[in-house]
Amino acid sequence: MLVDLHNHTLHHSMDSGLTLDALLARAKERGLDGVCLTEHNAVWKDTARLEEAAARYGVAVFRGMELSTEYGHVLAYGLSAFHPAMLRFDGLCQAVESEGGVLVLAHPQWVTTDRRPGRDLLASSFHGIEVLNGEIANDSNGYVTSTARLLGLFETGGSDAHSLEAVGRCATRFHSPVASDEEMVRELRAGRVTAVRLHPSHNGLGPSKE
């Protein structure tokens, strides 16, 4: 099952130009089985709307969040709501521990802060690393992949889509079907996933302007 684990829409991310409908229509065109909405510091609450859209387009919709912490951008899956305390990494870790979620270091090749998590912090506090990101050049992930494998962290792929052109560049293959946020988190925690690149990436670091 192919799920793009990193997407933003204009409904909750100010830097995105994608509507939910446009995202799902393009995901269907590109052969994705599902997408995860990882809005900036926000979790979708209107689950009824997501369920209706998923049924209409035939694409599963999951919920996550991308948070801006002192260690850079972190993808969180399995959290029910955003709280300002999560913008501090220790607060985010507490929330994930409490709710049984997972933390994934987003696009580690793209430096967004002066502080970056070292190997000790990665091994102790993260569950996975986004080794493939649709906004980062195709040949820049070798060191990231080797680090994930050295530390025993699972590897994900996500398009980091903010525009229609970016949808479906990268995805995560789940070895077993998942039908809910809870099942997605369970499979991620078990490491039963593989990062895959589906289309050429934007040749740079950071969101494209396409």
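Structure notes:
- Within segment 1-19, residues that are more than 18 Å from Arg197 (Cα to Cα) and free of Cβ contacts under 8 Å to residues at least 60 places away in the same chain sit with their Cβ atoms under 8 Å from residues that are crowded, with 18+ Cβ neighbours inside 10 Å and of a type in the set (D, E, K, R), at 6+ positions apart or across chains, in these pairs: Thr9/Glu39; His11/Glu39; His12/Glu39.
- Qualifying positions in segment 68-99 - part of a loop (DSSP other than H, G, I, E, B) and within 17 Å of the chain's Cα centre (by Cα): Tyr71, Gly78, Leu79, Ser80, Ala81, Phe82
- For Ala55: the one exception among (1) assigned to a strand (DSSP E or B); (2) among the hydrophobic types (A, V, I, L, M, F, W, C); (3) surrounded by fewer than 18 Cβ atoms within 10 Å (Cβ to Cβ): (1)
- Taken over segment 183-192, the residue count meeting the criterion of being crowded, with 17+ Cβ neighbours inside 10 Å and either farther than 19 Å from Ala106 by Cβ or free of Cβ contacts under 8 Å to residues at least 40 places away in the same chain (or both) is 1.
- Residue selected from segment 122-150 under the condition at pLDDT below 95 and touching a Phe, Trp or Tyr at 6+ places or on another chain (Cβ under 9 Å), by the criterion nearest to Met86 (Cα to Cα): Ser125
- Where a residue in segment 29-50 is under 29 Å from Gly91 (Cβ atoms) and its partner, wherever it lies, is of a type in the set (S, T, N, Q) and in a strand (DSSP E or B), with Cβ under 9 Å and at least six apart: Val35/Asn7; Cys36/Asn7; Cys36/Thr172; Leu37/Asn7; Thr38/Asn7; Glu39/Asn7; His40/Ser68; Asn41/Ser68
- Residues located in segment 120-172, provided they are under 14 Å from Asp4 (Cβ atoms) and in a helix (DSSP H, G or I): Leu164, Glu165, Ala166
- Filtering segment 4-40 to residues that are surrounded by 23 or more Cβ atoms within 10 Å (Cβ to Cβ), of a type in the set (S, T, N, Q) and closer than 11 Å to Leu164 by Cα leaves only Asn7.
- Residue match in segment 62-83 (condition: free of Cβ contacts under 8 Å to residues at least 12 places away in the same chain, out of contact with any Asp or Glu (no Cβ under 8 Å at 6 or more places or on another chain) and not β-branched (Val, Ile, Thr)): no
- Failed item in (1) among the acidic types (Asp, Glu); (2) in contact with a helix residue (DSSP H, G or I) (Cβ under 8 Å, 6 or more places away or on another chain); (3) under 23 Å from Arg169 (Cβ atoms), with Glu66 passing the rest: (2)
The values are calculated or read from the model by the stated rules, or taken from the named source; none is laboratory data. Predicted model, so just to flag it, every value in this text is computed and none were measured. Here Cβ is always computed from backbone atoms with ideal geometry, including for glycine, and neighbour counts include all displayed protein chains.
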